[in-house]
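Have a look at the structure below before the remarks.
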Amino acid sequence: MQVTTVHDLAAVVRGRRGELGLSQAELAVRIGVSRDWVSDFESGKATVEMGLVLRALEALRLRIDLAGDADAPDAPAVDLDAILDEHRRR
């Protein structure tokens, strides 16, 4: 599935939570947030904290794979591991 907006990601999370039979409150406990945070995220709130989004995806056994646009010849390669390593050193 291609996710291009916060609303797309929210729909995926909402659907997966339903597939697993989890309530918003149960997911909130699993990731250490309030039920309101889960509700806000599933509603597509654009200002949710990325770290918490990643914890939610992990709790739901979802993975993000990033791919560049193959039709964009001038797009530089991005090494996410190097970026994360640099961020961790700060």
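The values are calculated or read from the model by the stated rules, or taken from the named source; none is laboratory data. Small disclaimer: the values here were computed from a predicted structure and weren't measured. FYI the Cβ positions are ideal-geometry reconstructions off the backbone, even for glycines, and counts take in every protein chain you see.
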Would you point out the residue of region 1-53, among those that are farther than 18 Å from Arg63 by Cα and polar (S, T, N, Q), that is modelled with the lowest pLDDT?
Thr47
Out of all the residues in region 12-34, which are of a type in the set (A, V, I, L, M) and touching a helix residue (DSSP H, G or I) at 6+ places or on another chain (Cβ under 8 Å)?
Val13, Leu22, Ala25, Leu27, Ala28, Ile31, Val33
Pairs with Cβ under 8 Å, 6+ apart, first in region 13-35 and under 19 Å from Glu49 (Cα atoms), second surrounded by 17 or more Cβ atoms within 10 Å (Cβ to Cβ) and of a type in the set (Phe, Trp, Tyr):
Val13/Phe41; Ala28/Trp37
Just checking, how many residues over region 15-37 are surrounded by fewer than 17 Cβ atoms within 10 Å (Cβ to Cβ) and within 13 Å of the chain's Cα centre (by Cα)?
0
Residue by residue through region 38-52, note down the ones that are in contact with a helix residue (DSSP H, G or I) (Cβ under 7 Å, 6 or more places away or on another chain), in contact (Cβ under 8 Å) with a residue 24 or more places away in the chain and surrounded by 12 or more Cβ atoms within 10 Å (Cβ to Cβ).
Phe41, Glu42, Ser43, Gly44, Val48
